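Take a look at the structure below.
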Amino acid sequence: MCGYSMIDKIRNGVIRDLVKVAHIGDKMRETRLRWFDHVKRRSMDAPVRRGERINIPEGNRGRRRPKKSLDEVIRKDLKVVSLTEDLAQDRKL
């Protein structure tokens, strides 16, 4: 890409800047927040919103580190972009 090969040993970040492509983590965050906005605008009776009310039982989850819930990931994304939950739902921003 851009006339470079692996032999040239150019870092991915440099090529990404040359091609003007966004970082994959930024695109994933953008997509998650877009989905979050879509879900929050739905009524509380929608099947997508019912998943928010599910109570996860407390208890031993094994020896490994527990997986992050979608709620934790969304909260972190909102903090990185410095938005609040109500501002994320404002479509005019």
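The numbers here are math on the coordinates, done by the rules we state, and not lab data. Values in this document were obtained by computation on a predicted structure and should not be read as measured data. So basically every Cβ, Gly included, is an ideal-geometry build from the backbone, and we count neighbours across all protein chains shown.
The trypsin sites (Lys or Arg not before Pro) of region 1-47 meeting both criteria, a DSSP state outside H, G, I, E and B (loop) and at most 15 other C-beta atoms within 10 angstrom of the site's C-beta, are LYS9, ARG11, LYS20, ARG41, ARG42.
Summing charges over neighbours of PRO47, with a neighbour being any other residue whose Cβ is under 15 Å away from its Cβ, gives +4 when K and R count +1 and D and E count -1. Summarised in one figure, the compactness ratio Rg/Rh of the chain, Cα atoms and Kirkwood Rh, is 1.14. Distance between the 7 Å Cα→Cβ label points at ILE24 and VAL81: 2.0 nm. According to the square roots a ≥ b ≥ c of the eigenvalues of the Cα gyration tensor, what is the shape class of region 1-47, taking rounded for a/c under 1.5, prolate for a/b larger than b/c otherwise, and oblate for the remainder? It is prolate, given that a/c is not under 1.5 and a/b is the larger ratio.
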